[in-house]
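Scroll down for the structure; my scribbles are underneath it.
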Ligand code: HPA
């Protein structure tokens, strides 16, 4: 049972750190160095945590880090699992379940994404306002465990409007330019065709990538408040498309890392308590 596996993983972590995390941060491509900001940290390799899948992509470290950001206890997930690596979406989202079991009420997610909105440029930072699940699968398929969340979770505001507003306020004060937009997730691993980019733009997407949406679906199911970021690493404009260059994508993501890290830092230090029923 998923519930028992989550409990076992959470017990393992609790036995190794007395910290009670309030926020979980999934460190996608380009946010890896965020963990360096945490103090009094306990680092646990994914391999040792019961039922955790182990990371395969070498850009991700595969470590769970508990630490303090000022007086905010944070759980950082350094290294994530992708559907294209062959994991099920239940496996991909397992760390989010464990974060919830440890008492987290807010999830911050980040990724590297291709820009579809012609106003975006490589290097831009996009706050995710909504998403389109184009993966063709859903982590909630199968019997529903009512102890974890409802059968039919509402998705009218998966990304907290309050946190979007707070982040924009902080970004403005720090002189950081941000975009807002809809993130579309596909399975990967191949990049998309021109015809696919054209269609994605038509159906309302501003950015495209291969992650994040499964974690957000599970976070909403678990009643977590979500804040999401995409670093726009390349321009996916169908009429001016260039062959993808993965090294360049990673370099662009790493270039934006200090800005995104400092923005997440300032938002988390100012995080208001969760209010209302929908978390
Ligand atoms: N598609 C296109 N460009 C990208 C992606 C993607 O999934 N991720 C980062 N840049």
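All of the numbers you see were taken from the coordinates with simple rules; none came from a lab. Quick caveat: nothing in here was measured; it's all calculated off a predicted structure. We place every Cβ from the backbone using ideal geometry, glycine too, and count neighbours over all the protein chains shown.
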Can you name the number of the only condition in (1) within 16 Å of the ligand (Cβ to nearest atom); (2) closer than 25 Å to residue 98 by Cα; (3) surrounded by fewer than 19 Cβ atoms within 10 Å (Cβ to Cβ) that residue 155 fails? (1)
Are any residues in segment 185-209 within 9 Å of the ligand (Cβ to nearest atom) and closer than 18 Å to residue 123 by Cα, and if so, which ones? 207, 208, 209
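Sort through 204, 223 and tell me the only one that's within 21 Å of residue 94 (Cβ to Cβ) and more than 15 Å from the chain's Cα centre (by Cα).
Within the list 204, 223, the selection yields 223.
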For segment 103-139 the number of residues that are within 13 Å of the ligand (Cβ to nearest atom), touching a helix residue (DSSP H, G or I) at 6+ places or on another chain (Cβ under 7 Å) and over 13 Å from residue 229 (Cα atoms) is 3
As an exercise: evaluate residue 133 against (1) farther than 30 Å from residue 239 by Cα; (2) touching a strand residue (DSSP E or B) at 6+ places or on another chain (Cβ under 9 Å) and give the number of the one condition it does not meet. (1)
Quick test of your reading of the structure: residue 82 fulfils all but one of (1) under 20 Å from residue 128 (Cβ atoms); (2) in contact with a strand residue (DSSP E or B) (Cβ under 9 Å, 6 or more places away or on another chain). Name the failing condition by number. (2)
